[in-house]
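The values are calculated or read from the model by the stated rules, or taken from the named source; none is laboratory data. From a predicted model like this one, the values you see are computed outputs, not experimental measurements. FYI the Cβ positions are ideal-geometry reconstructions off the backbone, even for glycines, and counts take in every protein chain you see.
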């Protein structure tokens with residue numbers, strides 16, 4: 001028997017030959033990977049971070065597909081002027097019509113894409129992620145409100161992309177107004193907007209705060225379900241204010257009340273324009289006459305211009 005103090009008997013040395021093929025395969029794969037990388041990675045990759053250094057030079061010589069509104073205005077100056085003053089003034093032409101280079105090169109045979117319903121809904125479909133102050137709709141709900149019976153009806157049957165709201169004043173010259181909020185802008189789904197604000201609540205401005213008499217009168221009128229900012233258009237300009245344009249153009253009222261083949265008689269009352277003027281008056285019709293000249297009582301009582309309260 002071997003004593004515990006005696007060294008153990010030495011056996012045969014360990015044999016690692018079985019691992020050689022594994023290391024050879026791994027080394028081969030690494031060489032192949034480096035070779036493929038060297039073949040695939042462009043020469044100028046990494047000069048400016050994870051970008052090709054030559055990409056900028058290539059972009060400079062590439063033919064541009066999007067030319068900008070100035071190129072459109074060279075031929076369509078009347079449309080450009082109309083578009084610049086309205087609610088879509090900040091939206092580029094090619095946002096809705098697509099790239100215009102091919103049209104500029106061959107204007108007779110290549111027409112820009114016409115505005116489609118889905119194009120409008122890209123921006124105006126109701127989404128919880130969007131701020132409540134941004135114009136947005138639920139298509140089905142909106143169609144029911146204005147009496148549209150065919151769900152395939154294009155938005156442009158009522159709203160022109162160039163002049164969607166028929167503002168009678170250039171938006172850029174309209175007066176500034178404190179930012180208007182509704183409780184539902186932040187509290188999604190809340191209908192009751194009469195609850196008392198808790199202490200420390202951010203200051204908000206709603207129409208009734210400064211225009212209590214007008215709001216009370218509007219609540220009793222036939223258009224009581226229509227928000228003030230539907231006719232007194234509020235276009236947000238920054239985080240604190242926007243511009244208000246009071247829309248009195250007859251075409252604005254006709255967005256809901258104009259006779260059309262896609263409307264149902266179950267919706268809002270419909271009229272033909274300007275034939276309606278001839279129906280109610282023996283005088284020569286004036287198609288620019290504001291609807292509120294006769295129908296003010298259906299909106300709200302007419303009040304003297306109120307003091308701005310320093311706002």
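Assessment of the range 218-226 against the conditions (within 22 Å of residue 136 (Cβ to Cβ), without any contact (Cβ under 8 Å) to a residue 60 or more places away in the chain and either surrounded by 15 or more Cβ atoms within 10 Å (Cβ to Cβ) or out of contact with any helix residue (DSSP H, G or I) (no Cβ under 8 Å at 6 or more places or on another chain) (or both)) yields at least one matching residue.
Note on the range 152-172: among residues that are surrounded by 17 or more Cβ atoms within 10 Å (Cβ to Cβ) and in contact with a strand residue (DSSP E or B) (Cβ under 8 Å, 6 or more places away or on another chain), the one that is farthest from residue 90 (Cα to Cα) is 158.
Residue 175 falls short on exactly one of the conditions (1) buried (at least 17 other Cβ atoms within 10 Å of the Cβ); (2) within 18 Å of residue 233 (Cα to Cα); (3) in contact (Cβ under 8 Å) with a residue 24 or more places away in the chain, and that condition is (1).
Which residue pairs have Cβ atoms under 9 Å apart, sit 6 or more places apart or on different chains, and have a first residue in the range 45-63 that is touching a residue at least 12 places away in the same chain (Cβ under 8 Å) and a second that is exposed (fewer than 11 other Cβ atoms within 10 Å of the Cβ)? Note: pairs meeting the criteria are 54/43. In the range 106-126, which residues are surrounded by fewer than 12 Cβ atoms within 10 Å (Cβ to Cβ), modelled with pLDDT of 80 or more and over 10 Å from the mean Cα position of the chain (by Cα)? Hits for the range 106-126 are 106, 108, 109, 111. When residue 131 is tested against (1) under 21 Å from the mean Cα position of the chain (by Cα); (2) modelled with pLDDT of 85 or more, only condition (2) is not met.
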